[in-house]
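Any read-out appearing in this document is the output of simple, stated calculations on the displayed coordinates, not a laboratory observation. Being a predicted model, the structure only gives us computed values, none of them experimental. Don't worry about glycine lacking a Cβ; one is built from the backbone with ideal geometry, like all the others, and counts go over all protein chains shown.
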Amino acid sequence: MALYLVRHGETDWNREKRFQSRTDVPLNETGLAQARMMRDELRRRGAGFIAARCSPLGRAVETARIILEGSGLQAVIEPAFIELEFGTFEGQLESELRAQYGEEYDRWRASEYTLTSPGGGENIISGAERVRERLLALKPPAIDGDVLVVAHQAVNMAMKVALSGRSDIASAASFRQRNDQVDVWDMARAQRLEVFTLSGATDHGESPISAP
């Protein structure tokens, strides 16, 4: 009985280290393979989903569809779970932004999204307020059974802020999630139980997770 919080599979913009936020970039071949492997691993672990939600962006919708193949369950699109908005950073390469903003950009990256970017938009603290109501609505089904949520790196970090009540930089860093990682949360205790990757590495409890 848990909440399985999943980041969508890889896109070309992920690979290029380009901010995609609300841009509807599709999964690439690696991302499609990651979603299939995630489906198989979740089945192997015995996850039996009774409810599923996903961001409205295609890369999350497709990841959720693949994970749920053959289950008879379809993910409900939840607009509140769309990726955080990054203002003028949208579509730009990290290397371009570092050259343009210099130390200001580095300070923002070091904040682990707890600060608003120099380009404007949201941070994970304001994002936590945006997602909290719809996320906590999933608490009863996630106590009775398993619930799947598929969304994006930064908004998933915001969800973990909302669940844990922690928004310090060290916690935010531990909330980062690769395209092949799954967070498992006990919603009754608002506690992360496990993080597993498709490569087989596992972190338990609140141990730090390396950034992608």
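Numbers at a glance
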| quantity | calculated |
| --- | --- |
| Elements of type helices (runs of 4 or more DSSP H) contained in the range 47-143, each with 2 or more residues being surrounded by fewer than 16 Cβ atoms within 10 Å (Cβ to Cβ) | 94-101, 103-110, 124-136 |
| Any chance Thr23 is farther than 21 Å from Leu198 by Cβ and not in a helix (DSSP H, G or I) | yes |
| Flag for Val6 being over 19 Å from Val182 (Cα atoms), in contact (Cβ under 8 Å) with a residue 24 or more places away in the chain and among the aliphatic types (A, V, I, L, M) | no |
| Subset tally (residues that are part of a helix (DSSP H, G or I) and either surrounded by fewer than 18 Cβ atoms within 10 Å (Cβ to Cβ) or in contact (Cβ under 8 Å) with a residue 40 or more places away in the chain (or both)) for the range 26-46 | 14 |
| Candidate set from the range 144-172 (those that are under 14 Å from Ala2 (Cα atoms) and surrounded by fewer than 20 Cβ atoms within 10 Å (Cβ to Cβ)); member that is nearest to the chain's Cα centre (by Cα) | Gly145 |
| Residues that are hydroxyl-bearing (Ser, Thr, Tyr) and out of contact with any His (no Cβ under 9 Å at 6 or more places or on another chain), drawn from the range 3-21 | Tyr4, Thr11 |
